[in-house]
Every structure is written in structure tokens, then in C-alpha cells.
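Okay, so here's the structure we're looking at.
The values are calculated or read from the model by the stated rules, or taken from the named source; none is laboratory data. The shown structure was predicted, so the numbers you read here are calculated from the model rather than taken from an experiment. Because the Cβ atoms are built from the backbone with ideal geometry, glycine has one as well, and the counts that use them run over all protein chains shown.
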Protein chains: 2
Amino acid sequence: MGEIRCEHDSALLTDLYQLTMMDAYYRLNMEQTAVFEFFVRRLPQTRNFLVAAGLEQVLDYLENLRFTADEIDWLASTGRFSATLLERLRELRFTGRVLAMPEGTVFFANEPILRVEASLPQAQLVESRILNLLHYQTLVASKAARCRLAASSDRQLIDFGMRRAHGAEAACLASRANYIVGVASTATVAAARRYGIPVVGTMAHSFIQAHDLETEAFRHFAECHPNNLVLLIDTYDTRRGAQRVVELARELRTRGVRVRGVRIDSGDLAAEAHAVRGILNAAGFEEIRIFVSGNLDEHAIEALERAAAPVDAYCVGTRVDVSADAPALDCAYKLQEYAGVPRAKHSSGKETWPGPHQVYREYDANGLIAQDVLARANEALPGRVLLTEVMNEGRRTSKDPTLAEIRDYCAQELATLPAELRALEKAPREPMRVSSALQALAEEVKSAVSK
Amino acid sequence: MGEIRCEHDSALLTDLYQLTMMDAYYRLNMEQTAVFEFFVRRLPQTRNFLVAAGLEQVLDYLENLRFTADEIDWLASTGRFSATLLERLRELRFTGRVLAMPEGTVFFANEPILRVEASLPQAQLVESRILNLLHYQTLVASKAARCRLAASSDRQLIDFGMRRAHGAEAACLASRANYIVGVASTATVAAARRYGIPVVGTMAHSFIQAHDLETEAFRHFAECHPNNLVLLIDTYDTRRGAQRVVELARELRTRGVRVRGVRIDSGDLAAEAHAVRGILNAAGFEEIRIFVSGNLDEHAIEALERAAAPVDAYCVGTRVDVSADAPALDCAYKLQEYAGVPRAKHSSGKETWPGPHQVYREYDANGLIAQDVLARANEALPGRVLLTEVMNEGRRTSKDPTLAEIRDYCAQELATLPAELRALEKAPREPMRVSSALQALAEEVKSAVSK
């Protein structure tokens, strides 16, 4: 049946109903412009803000979207689709317009971070993958941002999460999302290469265990990696491990080799870090850094900070890359307008604000976020405009920012969070209001519906 | 810098420290046989059993593992690795042996589902991707199995989870893991094609909203898809939607077209399903099936079953594909033996059972699981042997079972669960004990360690 492309490059990476609906749209000549928006309906209980991420991958997807002859043949073989659809898919390219918040932007519930304006069949087809891409990176960036804010600014975070991220793409995109919010580096080699993220690593317990003696393992590792020597010290007994590092470090010093750090991966990390720091300092090795790992999240980091644990780097992983306390966002990609008419959904508990939107952000005198206003797209309100054009007629309208630029911008964004939103506890309110014009439109659309 | 392969095919899909350790192993001539095992340390609070999944992808990975010239060049460019390592990577193939539990096997904490016996550098390198693959599919299969058990056996489950699965690979592998445990079909087209899973779909709210009238939307969809007509009825008012389906179904009947089903995606699903069933039956449309969706998991399904909700198909998605209540398993891939010597880790809270293992399963008179015995690999105990050879010298030793075979086998496995393990509440105990020979070995290894 021909070669199957990597999932993430395939136009078949969509839900069946998108194709079924496209089939109907083409046959019904329903090809006028549709406006869809991606937003998160409600923040998780444990989030005061979200960080937009994943736009670059969405734009790549839209620019490269096409069905191969082989994929069309497979679709034909299912017997589910009209010849009309198959013909249209053969020539399909995305030719729409996209507006978005820049990656790294802080946002809140009900605020669109992406608006797609395209012919209805095109805008419909791309729903599944747009959700899949924006949801995951936004999820991880939002979780990792809390970790970044919980840690002292002079302490690094490192992404160790590949092994329990949900698959290969998640592992790589998680590294990217982590980096955007200020995580310093990743252990995932493929992500480092693909996105140009600094790559780091220490050593595993297996290296220690494959030796008969821990000391011998340390010495062997030092011989092979004298320039980047971080030793894992908790395989048998953390404090004894630290003593052994001291002995080795003394020996190595005579040869001009320095131990860069030690990693502690188990036990009471605060107590162990204090003890290890004491052992290292007593021997005059104040420069040896302490890395800690093991199910870290923002709460564990906050607890270590409160305990004044002498930690230099927090190695985060699983809990960030699966966003353990909120592994999914209640996000949607919803039809806001078709053929110039505002549309809304009235399903119980899932009502939406009709029409295309703009978000205006107002700051207080200190440059902190005062409030956002969710408005109709054609209103002109005071404040910073958050959604701007990034694609027109299916092509990017400007060069993507580099990952370093996105990261700098995100740091500025996080700096605009008022204290109550930076806090790990739930803030009393979300700083978003709906403009009166949008409220009026919603009433109008709702009362018009007897559909 | 050359073409970057799709993440999931790249040998760079690993953690940096695997390469760093390999570098040391080669230079230290530490290439004797290592035995690593994959197991889950503790079951999540909300799981009484797990279902092994992902083996086929692991074997594909091992058989195809190789570094391209381009990848080697990139590694060289980082300046982190010895010429020795780079040369060895150039010719690297996985040439080890693998034992595993068949996919679909029920298992418990501390039981290995995979054992790798290979030269230390090879066995080390593959850790990250093996964890990444086995963890995710096992996670999803274990969650989906609870949903399958909570639903009446005559009711279908369907996977709708692509949009909030964590990336493209997760979306496709989730469909596979769902199918293994008895989910009937998927909406994810790429997964359907790749794994040969039945594909299904209904329609989205946007289709309804793009029309001025719900009735018109229903009629249009019926014209385009007369053979597979499932209508979404909750966009405005579910019961009015059901009435409109009745009117349309009467019209269509005169033309020989039947409405196959309706989908309800919001509100009190039990109450709505009862009301909709009443409306349909009153009009003589007993054959129209009811699909429900919207944040379903095993608890929601159990509640619908308890309410005797007249549901024909549960459309699961987000909560299953991210395993929302337990989005990661505490799994590990640990060195059990090197150069013939059993190895263990003594880190606080993370102690492991040393040496290679076998798992023996004993059944009661009714064919239900009585207990498992975690034993040393060379013990011969009564009971069914769960780990068998699947790869030798880097090649599969037999043809993979088909997905249909795995699914049938998994159904048999789930049928061997005693009532307390099938239940959604936490069972009082896990049916696993450690053999006395393994306990003796653990004591021996532990007391020998002053390492």
C-alpha cells in the first residue's frame, strides 16, 4: 500500500469527520470564508495563566499540507469518499490567513491564541492537528513556567523528560516548550539537534552498578569525560558518595581536572543537598555544583527553595513533560463566523463567544498586567493588541522569531505577571473581561437562535 | 546541516548521557553482556493491574537502529565525544537478545515485561526510547482496559483522542493501545491506516453552525453520507435536535435511507440519552443508535451504566489518551546483571530486585489469576511462564502477532482478572510474591555492598 509517511508529516493526521465534512462542504458548495479560533475554555484549577506555544509547528504544518497520491489512493480504497473530495484533496493547499499571539505570550481562558480565516473545507481539515500541536506545547510551557517562577532566578532548570513523555514527538516538543519558558537545556539529543537547544547530561545508576566499586565508576567516568564531569552519588549512599567525590576531586585536582557537579536523585533532597554541600565545602570544593532530580515539579521546587536547599540545578522531567497535575487543557478550535455571519455554540456548559475576536491587554503603572479585554475583532480599544497576522494566502507574512528570541520575549511576558498570578496557589480572579460590544453580540446571536 | 529524520526514526532519540556512558564503556572495554529489565515500580493509586503494550514498536526500533553519517557528523560537531565512540556508532547495530511478555498481557508492579541482554553499550543506548515506547502504550492500554471493563460488553468504545494526545506519535500509538484492549475503532485516520484499525467518525458542531438551520445541516449531511449517517444533536438543544432527527428520518425512510445514530456531546449524558431514546422510540426508530462523548473515562462510563443510560457507543478521548488520573507510570529500565554478576540499586525508595527475572503465573480452579511469582531467571517454578524470547542476535525470533491476535489475546487476559482486580476501586492487595531464592539473592547482594 505504499510507504507510509511519518505521522507528523502526513495530511492523514486528522480525524475522519474532518474529511467527511469536507466532502459535504465541497459537494454543497460551502466554500465561503470560515473563521475558527483556538482557545482554552477554562484554566485548570492549578494554573493562573497559560503560555502560548506551538505556533511555529502549526505554520509549518499549514505551509506544507498536501496529500500524496498514495494517501489519496488509500482514502479511495476505504470507499467512504466522493470522487469530488478525492479530486479536491489532490490539489489541496492551505491558502488561508492566520492571526496569532506570538509564542511565549501569557494568556487566559477564552482568549484565542490563533485565528484561522480560510475557505470552510480548509479551515475544517486542519482542526485536529492544530489542536494537537498547540495544546501540547502550550500545556508544557504553562507547567514549566510555574517551575521556572518557583525556582530562584540564578538556578537552572534542565529537561530530563524524554523517557516518560508520550512518544517521540512529545519528547522533542516538550524540550522546545521548556526552553521557551526559560528551562536552560535538555537531555534529549534529537530535540537539541532539531531545535538548537543546549544539550546536557550526567550519568545513570547503571554506570555505577556496572562497576564493582562506586569509586572506580567515578574514576572511570572522570578519565573519559574530564571536561564535563557530573557524578551521580545516590546509588548506594548519598553522603558516602559525596565523600568519595571529595577524595576523587582531590586526586583530580593534582592533574588539573575539576569535578563540575554531583547529582542527587533520591531521598529527602533538601536534607541530602544540605549534607552534601557541607561535605563538599568542608573539603574546599565550593565550586562543585549540586544537581537534583526525581519527580520534581513547581511544588517540590518551592519546598526546596523554602528549605534553602543549596541546589544549583533542578532536573525536571516527567511531571513537567506530561503536565502531571493537569495533563490536558480544555481547549477548542471553534467556528466563530461563516460567510460573514457570527456563529456560536450553545451546548450546555460549552457556550462560546460568537464572531472573530481580538484581545487587548492593559498594564498598570508598574508594567504588570492589569486586565485583558476580549473584544470583537473590529473594535478599536485601548491596550496592546495580542493577535497579529502571521500568515496570508497560505504563506508566512514574516520570518519566524528564533527560539532565542521567543525565549527572551517569554521572559519579558512572565515579568508582567502580577504577584497573585505568579503564585502557585489559585488566584482569586482571572484578569479578563468581555467587551460590551461582544456581550451585546452574544445576546443577539443567542436570541436569534431557534435553529 | 543535512536532513533531520523524523524524530521517531532517529537514533538521536535518546538522552545525552547514554552516549556519554557508551563513550566511556567503549574506551574502558566494558562490552560484556548486560541485562536490563523494564518494569513499573508501583502501580498508580487508581490501577489494580497494567496491560503490557508497545513491544512491536520496541522491536522495530531495535532492528532498525542505526546512526546516519549525517547524525554522526552532528555528534562530532558538538565536540563532546571521542573518535572511538563516533567510529563505533557508525557501525552500530543492535545484536542483543530480548525476552518479553506478549503485548496484551496483564501484569503487576515489579514484574519485568521486557528483558534486554546485550553488550553493555548497546543495552544502555536503547534505554531512553524503550522507556518512551513501552511506557506510553502501557499507560494508555491500562487506562483504556478499565474503560472497557466498566462498559457492558455489547457497547462499543471508540477512540476520539487525537486532538489532545501529546503529539502525533502519541495520537497514533494511543489508537493502537486502545484497540488492543478492546476499543472498537478510532477517529484518527493516520492510525487507522498505519495499524489497520477500523476508522469511524460522526460530524462536528462546526458543520451544524456553518448552516443557518440545524435541520438543514442534518439534511445536507444525509444527502452526502446516506450510508453512514450519525448526526450530532446537542449544538443548540439536544431534545429538539432529536425531534429534528425523527422528522428527517421519516422523510429519509421514504427514500430508503436510514439514520444510523445520533451523538450527544454535552449536558447530563444519562438524562439526555434516556430522553433521546424515548423520543426516537416513540417515533418507531428503535434502531437509531446513541453515541455519547465528552470527557468520558471509566468512572463516567460506570455512572452511565449504573443509570442504565441507553448508550450504544462510548466515544472516549482525552482522558484515556493522556491517562488523565495517572499520566505517567513509575517505570524503570534497570541494570540487573553485568558480566554475570547480579546488580541492584539501593537508592532510598528505589531499591530493585537484583539479577535477571522470570515471572510465573498461577491460576485458580476457575482460571482466574491466583498469584504471580517474581523469581530468578534460572529458577524452575510451577505456573505459566510470562517472559519468552522474542529477539536473538538483533533479529525477531518469530513473526509478530497481528493486531487482531493481540486483541483477542488481551481479551482472554482481561477475562482472567478476579473481581477485586477488575473493580475500579483499589484492590486490597496485589497478587504478586517474590520467590525465596530471589529474596535470598537480594539479601546477599545488599550485604555485599559497601561499594
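Laid out as a table, the results:
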| read-out | value |
| --- | --- |
| Residue ranges of helices (runs of 4 or more DSSP H) in region A:248-321 with at least 3 members surrounded by fewer than 23 Cβ atoms within 10 Å (Cβ to Cβ) | A:269-282, A:298-306 |
| Test: residue in region A:318-327 that is touching a helix residue (DSSP H, G or I) at 6+ places or on another chain (Cβ under 9 Å), of a type in the set (S, T, N, Q) and under 26 Å from A:V51 (Cβ atoms) | yes |
| Residue identified as at pLDDT 95 or above, surrounded by fewer than 21 Cβ atoms within 10 Å (Cβ to Cβ) and either within 11 Å of chain A (Cβ to nearest Cβ) or on the phi < 0 side of the Ramachandran plot (or both) among B:A53, B:A11, B:A76 | B:A76 |
| Hits in region B:219-239 - residues which are closer than 23 Å to B:A282 by Cα, out of contact with any Phe, Trp or Tyr (no Cβ under 8 Å at 6 or more places or on another chain) and outside any loop (DSSP other than H, G, I, E, B) | B:R219, B:A222, B:T238, B:R239 |
| Options A:R194, A:R176; residue that is facing another protein chain (nearest Cβ under 7 Å) and within 34 Å of the chain's Cα centre (by Cα) | A:R194 |
| Number of positions in region B:369-393 that are touching a helix residue (DSSP H, G or I) at 6+ places or on another chain (Cβ under 7 Å) and either within 30 Å of B:R194 (Cα to Cα) or of a type in the set (F, W, Y) (or both) | 2 |
| Inter-residue pairs, beta-carbon under 6 Å, first of a type in the set (F, W, Y) and in region B:302-323, second modelled with pLDDT of 95 or more, 6+ apart | B:Y314/B:A151; B:Y314/B:L157; B:Y314/B:L296; B:Y314/B:I301 |
| Residue within region A:209-217 that is surrounded by 18 or more Cβ atoms within 10 Å (Cβ to Cβ), within 7 Å of another protein chain (Cβ to nearest Cβ) and of a type in the set (S, T, N, Q) present | yes |
| A:L157 being away from every other protein chain (no Cβ under 14 Å), in contact (Cβ under 8 Å) with a residue 40 or more places away in the chain and in contact with a Cys (Cβ under 8 Å, 6 or more places away or on another chain) | yes |
| Condition check for B:E216: over 30 Å from A:V35 (Cβ atoms) and either out of contact with any Pro (no Cβ under 9 Å at 6 or more places or on another chain) or assigned to a helix (DSSP H, G or I) (or both) | no |
| Pick from region A:337-351, criterion buried (at least 17 other Cβ atoms within 10 Å of the Cβ) and more than 9 Å from chain B (Cβ to nearest Cβ), ranking: modelled with the highest pLDDT | A:E337 |
| Residues that are of a type in the set (D, E) and either crowded, with 23+ Cβ neighbours inside 10 Å or at the interface with chain A (Cβ under 10 Å from one of its Cβ atoms) (or both), drawn from region B:105-138 | B:E111, B:E127 |
| Selected residue (only one of A:L229, A:L248, A:L269 is farther than 30 Å from A:Q45 by Cα and within 13 Å of chain B (Cβ to nearest Cβ)) | A:L229 |
| Matching option when the condition is among the small types (G, A, S), within 14 Å of another protein chain (Cβ to nearest Cβ) and in a strand (DSSP E or B), among B:A370, B:A375, B:A332 | B:A332 |
| From A:L86, A:L75, residue being more than 24 Å from B:A170 (Cβ to Cβ) and part of a helix (DSSP H, G or I) | A:L86 |
| Test result for A:K446, modelled with pLDDT under 95, of a type outside the set (A, V, I, L, M, F, W, C) and in a helix (DSSP H, G or I) | yes |
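One line per residue, one yes/no per condition, for (1) assigned to a helix (DSSP H, G or I); (2) of a type outside the set (K, R); (3) at pLDDT 95 or above; (4) over 24 Å from A:H211 (Cα atoms):
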site	(1), (2), (3), (4)
B:Y17	yes, yes, yes, no
B:A24	yes, yes, yes, no
B:F38	no, yes, yes, no
B:P44	no, yes, yes, yes
B:N48	no, yes, yes, yes
B:L62	yes, yes, yes, yes
